[in-house]
Amino acid sequence: MMAERLQQICSAVVLILILALFGFLFWFALPVFINPNSSTFSLAWQPEQGQFGILSMLAASCLLGLVALIIALPVALGVCGFCQLEQYKKYAVWIRRLIRFMAGIPTVVYGIAAVFLLVPFIRETFNQGSGFSLLAASLMLVLLILPVMVMVLDAYCQPLTARLSQTAASMGFTSPQLLFHVTLPAAKPAICSAALLGFSRAIGDTLLPLMLAGNAPQLASSLFDSVRALTAHIGLVIATEHGSAEYNSLFAAGFLLLCINLFITLSVRKLGQSQQQVAGKKARSDLALATTQATSANTSINTQSCADNRQTT
């Protein structure tokens, strides 16, 4: 009873803090939203001319997350699928340990390594720009979101594969056939959840876009263009401005980011609920099928027994 009461109190405190955060950002962003002369929702960021548009930064954040997701999702599916194969179980243990280790690496370590290794490689190989680009930031974001996506997928696929392995083996399925024809098709909700969480993690990171994307407030026309993410923009402006129109636009940027993350979180929860409902319906249908088969078998046995008794009589 005491534990339930404490849990309710903690939940209420968290809810109040989240609502307070929304209220704080919305209150300070409200003058930007209602001002008809505000240039916040435009593409141009030219403070010296009084233009404080953040849409180019918002587009850059979404583009960074999308490029990172396009690269990371197939890799995450491949790593998770490899870990489900029976013949590679001893390697899967070490791969899972490596993924958990990657999840704990500080972002700044990825950033420093990329500045001295990846950026010069891109600059010298493709000979386009300085190397601080959309591509450099996206590649390092792949390493950032990959552990989250693999762990979400593996948490769903591993027990499912273990539960179905004996049944599949009795039907003549090989381990790859079980993976491609049963496990992965059944894991569609988990794949969607992993993709949404990876995208949310990518657009919410500050340090990697700040260090690697080039911080140019423009729309990218290629992977080698420099861009400025919305999170990096907030970090840059808040360190140098205070009380100006440029500073006030940050509250609108923060509110937009919070709304995007809220939408993604609600989508993941909805997918989780639908996944549980599907699993529950499947369990009920399996139980009903088993009950029907058992009833049919008992009826057949009773009929046969009665026939034998009449013949004996």
For Tyr88, the accessible surface traced by a 1.4 Å probe with all protein chains present amounts, in square angstrom to the nearest 10, to 80
As a test question: what accessible area, to the nearest 10 Å², does Lys270 have when a 1.4 Å probe is rolled over all protein chains in place?
130
Given a Förster distance of 41 angstrom, what is the FRET efficiency for Lys188 paired with Met2, based on the Cβ-Cβ distance and rounded to 0.05?
0.50
Which cross-chain or sequence-distant (5 or more) residues have an amide H under 5 Å from the amide H of Gln51, H modelled 1.01 Å from N in plane?
Gln46
For Thr161, Thr167, what's the largest-to-smallest order of accessible area, 1.4 Å probe?
Thr167, Thr161
From phi via Karplus (6.51, -1.76, 1.60), per-residue ³J(HN,Hα) for region 136-147 in Hz, x at Gly/Pro
4, 5, 5, 4, 6, 5, 4, 5, 6, 8, 4, x
For region 184-225, give the percent of accessible area contributed by carbon and sulfur heavy atoms, probe 1.4 Å, rounded to a whole number.
66
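With all protein chains present and a 1.4 Å probe, how do Glu4, Glu48 order by accessible area, largest first? All intermediate terms of the calculation are to be shown ahead of the outcome.
Details: Glu4 110, Glu48 145 Å².
Putting Glu4, Glu48 in descending order of accessible area: Glu48, Glu4.
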Gap separating the Cα centres of region 152-216 and region 89-123, nearest whole Å:
19
Between Arg97 and Glu246, what length comes free when the chain is fully extended (0.36 nm per residue of separation minus the Cα-Cα distance, one decimal in nm)?
49.2 nm
Sequence ranges 229-237, 126-134, 95-103, 189-197, ranked by mean other-Cβ count within 10 angstrom, highest first
229-237, 189-197, 126-134, 95-103
Taking the full set of protein chains and a 1.4 angstrom probe, give the accessible area of Cys259 in square angstrom, rounded to the nearest 10.
50
Residue-wise HN-Hα coupling along region 199-211, computed from phi with Karplus coefficients 6.51, -1.76, 1.60 (Hz; x: Gly, Pro)
5, 4, 5, 5, 6, x, 7, 9, 5, 5, x, 5, 7
Net charge near Leu219: determine it from the other residues with C-beta under 11 Å of the C-beta of Leu219, scoring Lys and Arg +1 and Asp and Glu -1.
0
Along the Cα→Cβ direction, 7 angstrom out, place labels at Phe263 and Val108. What is the inter-label distance in nm?
3.3
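The values are calculated or read from the model by the stated rules, or taken from the named source; none is laboratory data. Model, not experiment: these values are computed from the prediction. Cβ: placed from backbone, ideal geometry, glycine included. Neighbour counts: every protein chain shown. We work out accessible area using only protein heavy atoms, side chains counted, and drop any ligands, DNA or RNA first. Shrake-Rupley method; radii C 1.70, N 1.55, O 1.52, S 1.80 Å.
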